[in-house]
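A.B. asks: Let me begin by handing over the structure; questions about it come next.
Since every read-out is calculated from the coordinates, none of them should be taken as a lab result. Everything numeric in this text was worked out from a predicted model, so none of it was measured. Here the Cβ is made from the backbone with ideal geometry for all residues, glycine too, and neighbour counts use every protein chain on show.
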Amino acid sequence: MKADDQKRLLREMIFFRRFEDRCFEAYMERKMGGFLHLYSGQEAVATGVLEMAKTGHDYVITGYRDHVHAIKSGAPAREVMAELYGKETGSSRGRGGSMHIFDPTVNFMGGYALVGQPFPLAAGLAMGAKLKATDQIAICFLGDGANNQGTFHETMNMASVWKLPVLFVCENNMYAIGTRIERSTAVTDQYKRVCGYDMKASQHDGQDIDTVMEAAKTAIDFVRSGKGPYFIEFMTYRYRGHSMSDSKGYRSKEEEKQWEKRDPITIYAAKLKKAKVITDADIKAMEKEIDDEIENDIIKFAEESPEPRVEDLYKYVLDDNPDPRWIGPLQNK
Amino acid sequence: MAEIAYWEAIRRAHDEEMANDPLVIAMGEDIGVAGGTYKATSGLYDKYGESRIIDTPISENSYTGIGIGASMVGVRPIIEIMSINFALLALDTLINAAAKIRYMSGGRVSCPIVMRTPGGTAHQLAAQHSARLARMFMSTSGLRVVTPRGPLDACGMLKSAVRCNDPVIIIEHERMYNIKEEVPDEEFFRPLEGAEIVREGTDITLIGYNFSVYLCLEAAKRLESDGISAEVLDLRALKPLDRETIRRSVEKTHRVLVAEEDEAPVGVGAEIMAVITEDCFYALDAQPVRIHAADVPVPYNYTLEKEAIPDVEDVYQGALKVMGKI
């Protein structure tokens, strides 16, 4: 990979960390409502996998921890932030919020709050690509907790039977909300669970973006070549609680410290410094530039954007301009 | 014009829509090689192949979800669920996903699926094959819910449902698949909105939907021999509901009965009664009556089942009560 791309990837991961940190602050200031699930600690997974995908072309779908996946797919960060602020300029026009970012202009097909629901939706996106005979694939990011839903097993089976072009990315952060994986799941290595569906699967470190990219490339090439679905598991860790209402009482400070030593940004920055691609001063400048962008462009845009109009409450429930040939109403004699 | 059965009308709609658009597909259990439990897709597997007439595993929630996912990127899936009881397994993808995606994406993504399913009591199928859950879909924002009563609507409304950009739930009935009716030979569509006056009358309005329309029509014949002129209104669309046609009919007859095969509490009939109270209160000359199923899981035993489900006699007696004859 070229030095410029390496610097860009490091910058993206720092940007995602700072973006989520800024969401935390805005939430504490009550600028945002609802639930907020932050991605800090897992940045190398979404960044690395989607770096290898054709973003804007391939379909991407995920759960409610979705800001970073949306932005890396190509959704404008200022629109994602405006969505969190509930504004009309938001990715989902203020109707979805943090958990439901959508941007079909870049084929980011949404964040969903029902754990495991994106499995079948992703397989459906892949079925659409297959029916239209495009070279698109669908990429579904979900956590380990989602694999205990029925949709996991039902969808793995159908994706495999029908050889759908879908990549399932399991971000194994070892906690399903606040329950540790050993306490909820008989087989803790998630990639082993799809063997029963005769699906190609592998497990990798999710904290080193080079490892993520290499593994993702193999998986994406496999899926795009028409050989069927692939399940790829990355071992990772979320620094913050499941959501903002989570005090993390279910895990130890020692464990958190252990994982902080494997921080994806620190690991990648160290590699790039060692390879003389970047210096500490460069990183400092990068951070300054990112903070300026977040504050003076992204937050400013979200703050200054208009609220949805109250008279638009019923907009988007059904097609707002339906064809009367199909809808009617029926004329009685 | 040719007379065809309800199941043939559904089959014709599938065939025409699949011939019209290569992105129209059908999916469900046993719909392909086996031809469909009610024959609604018979012969289409050979014509369109396994990539468009898709035999699914018995995984209602996820195969419905796959149809929904495909619909988000331009596919028009017609999803069959063998019984409305089994649709309960697919409620997460239908109600949490299909019904809400347009709204929570700010209108940027739509889910133009059609889900068809029989939802009534047949004969002695017992409680787990006899649910009538129209009310559940009817109370979900973001869905269209229709109940075609005969071949004309079965074909024309399915075709409209495929072309419409909203998720459409079509509730059929096991006892209607062999009902026959004349339909045009040339292509036709029937709108997804609007109640229909299927029999004109002046003394009382009998409101039904799905199979209960036939109970109302039979009861109307008996009332006619008693000198009572009954108007019969088929709701056709439960969501959105055609309040205007209900109001106009009740303002004409001043008396009304609502007949449904569902249990009463929080049912379709309860909603219609609320609409009548809100829109027609001062037009009423008598207390309205609701005919509905007993509030019990449907029994297997023939006699008990017959007692639990409303029939023509129940509608007739109910109408006489509204008319003050008993």
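A.B. asks: With all pairs of different alpha carbon atoms counted, what Kirkwood hydrodynamic radius in Å does chain B show?
C.D. replies: It works out to 20.1 Å.
A.B. asks: Turning to a different aspect of this structure: If you take the C-alpha gyration tensor of the range B:118-244, multiply each eigenvalue by 5 and take the square root, what semi-axes do you get, largest first, in whole Å?
C.D. replies: Semi-axis lengths for the range B:118-244 are 24, 19, 16 Å.
A.B. asks: If I model a spin label as a point 7 Å beyond the Cα along the Cα-Cβ vector, how far apart are those points for residue B:325 and residue A:309 in nm?
C.D. replies: Label-label distance for residue B:325 and residue A:309, simple model: 5.4 nm.
A.B. asks: Among B:32, B:105, B:230, flag the residue with its Cα farthest along the positive direction of the charge dipole of chain B, charges on Cβ as +1 for Lys/Arg and -1 for Asp/Glu.
C.D. replies: Highest projection toward the positive end goes to B:105.
A.B. asks: Taking the dipole about the Cα centre of the range B:265-326, with the C-beta of Lys and Arg at +1 and of Asp and Glu at -1, give me whichever of B:287, B:269, B:320 is farthest to the positive side.
C.D. replies: Among B:287, B:269, B:320, the one farthest towards the positive end of the dipole of the range B:265-326 is B:320.
A.B. asks: Checking the table A:2/A:257; A:130/B:47; A:130/A:315; A:253/A:274; B:39/B:221 against a 21 Å threshold on Cα-Cα, which pairs fail?
C.D. replies: Going by Cα-Cα distance, A:2/A:257; A:130/A:315; A:253/A:274; B:39/B:221 fall outside the 21 Å limit.
A.B. asks: While we're here: Please give the length that would be gained between residue B:218 and residue B:286 if that part of the chain were fully extended, namely 0.36 nm times their separation in residues minus their C-alpha to C-alpha distance (nm, one decimal).
C.D. replies: Gain on extension, residue B:218 to residue B:286, equals 22.3 nm.
A.B. asks: Kindly provide log₁₀ I(q)/I(0) values, in the same order as q = 0.19 Å⁻¹, from the Debye equation applied to equal alpha-carbon scatterers of the range B:144-214.
C.D. replies: For the range B:144-214 at q = 0.19 Å⁻¹, log10 I(q)/I(0) is -0.83.
A.B. asks: Test of the criteria: in the range A:23-94, which trypsin sites (Lys or Arg not before Pro) are in a DSSP loop and have at most 12 other Cβ atoms within 10 angstrom of their Cβ?
C.D. replies: When the trypsin sites (Lys or Arg not before Pro) of the range A:23-94 are filtered for loop state and at most 12 Cβ neighbours within 10 Å, A:30 remain.
A.B. asks: Please give me the summed charge of the neighbours of residue A:258: other residues whose Cβ is under 15 Å from its Cβ, Lys and Arg +1, Asp and Glu -1.
C.D. replies: +2
A.B. asks: Computed on alpha carbon atoms, what radius of gyration and Dmax characterise the range A:3-327, expressed in Å?
C.D. replies: 19.7, 67
A.B. asks: Also, I was wondering about something else. Rank B:78, B:66, B:170 by mean-square fluctuation in a GNM of chain B with C-alpha springs under 10 angstrom and give only the top-ranked residue.
C.D. replies: B:66
A.B. asks: What is the antiparallel percent of DSSP beta bridges lying wholly in the protein assembly as shown, to the nearest 5?
C.D. replies: Working: 12 of 66 bridges.
Of all bridge pairs located within the protein assembly as shown, approximately 20 percent are antiparallel.
A.B. asks: Tell me the Kirkwood hydrodynamic radius of the protein assembly as shown in angstroms, computed as one over the mean inverse distance between distinct C-alpha pairs.
C.D. replies: Working: mean 1/r = 0.0373 Å⁻¹.
It is 26.8 Å.
A.B. asks: Running a GNM on chain A with Cα contacts under 10 Å, which residue among A:138, A:75, A:26 ends up with the highest mean-square fluctuation?
C.D. replies: Highest fluctuation among the options: A:26.
A.B. asks: Still on this structure, please answer the following. Per q in 0.12, 0.15, 0.17, 0.19 Å⁻¹, report the Debye log10 I(q)/I(0) for the range B:174-326, using one uniform scatterer on each alpha carbon and no solvent.
C.D. replies: -0.51, -0.78, -0.99, -1.19
A.B. asks: With N denoting the number of residues in the range A:217-333, provide Rg(C-alpha) divided by 2.2 N^0.38 Å, to two decimal places. Could you put the intermediate results ahead of the total?
C.D. replies: Working: Rg = 25.4 Å, N = 117, 2.2 N^0.38 = 13.4 Å.
This ratio for the range A:217-333 stands at 1.89.
A.B. asks: How are the C-alpha pair distances of the range A:63-160 spread across 5 Å bins, as whole percents from the shortest bin up?
C.D. replies: Once binned at 5 Å, the Cα pair distances of the range A:63-160 give 3, 14, 22, 21, 17, 14, 7, 2, 0.
A.B. asks: Per DSSP H run of n ≥ 4, the term is -39500 (n - 2.57); total these for chain A, divide by its residue number, and report the mean residue ellipticity at 222 nm rounded to 500 deg cm²/dmol.
C.D. replies: Only helices count here, giving -12500 deg cm²/dmol.
A.B. asks: Between residue A:180 and residue A:251, what length in nm is gained on full extension when 0.36 nm per residue of separation is reduced by their alpha carbon distance?
C.D. replies: Going from the current span to full extension adds 24.7 nm.
A.B. asks: Under 10 Å, Cα contacts only: if you run a Gaussian network model on chain A, which one of A:190, A:149, A:117 comes out with the highest mean-square fluctuation?
C.D. replies: Result for chain A, Cα springs under 10 Å: A:149 fluctuates most.
A.B. asks: Can you say what percent of the DSSP beta bridges in chain A, counting only those with both residues inside, are antiparallel? Round to 5.
C.D. replies: The answer is about 10 percent antiparallel.
A.B. asks: Looking at the range B:2-183 from every direction and averaging, what is the projected area of its Cα convex hull in nm²?
C.D. replies: Orientation-averaged projected area of the Cα hull: 9.4 nm².
A.B. asks: Let me ask you something else. Would you kindly calculate the mean projected area, averaged across all directions, of the convex hull enclosing the Cα atoms of the range A:106-149, in square nanometres?
C.D. replies: Taking the Cα atoms of the range A:106-149, their convex hull projects to 3.3 nm² on average.
A.B. asks: While we're looking at this one, here's another question. Given a cut-off of 30 Å, name the pairs among A:31/A:261; A:31/A:72; A:227/A:248; A:261/A:284; A:72/A:227 whose C-alpha atoms lie farther apart than that in the structure shown.
C.D. replies: A:31/A:261; A:227/A:248
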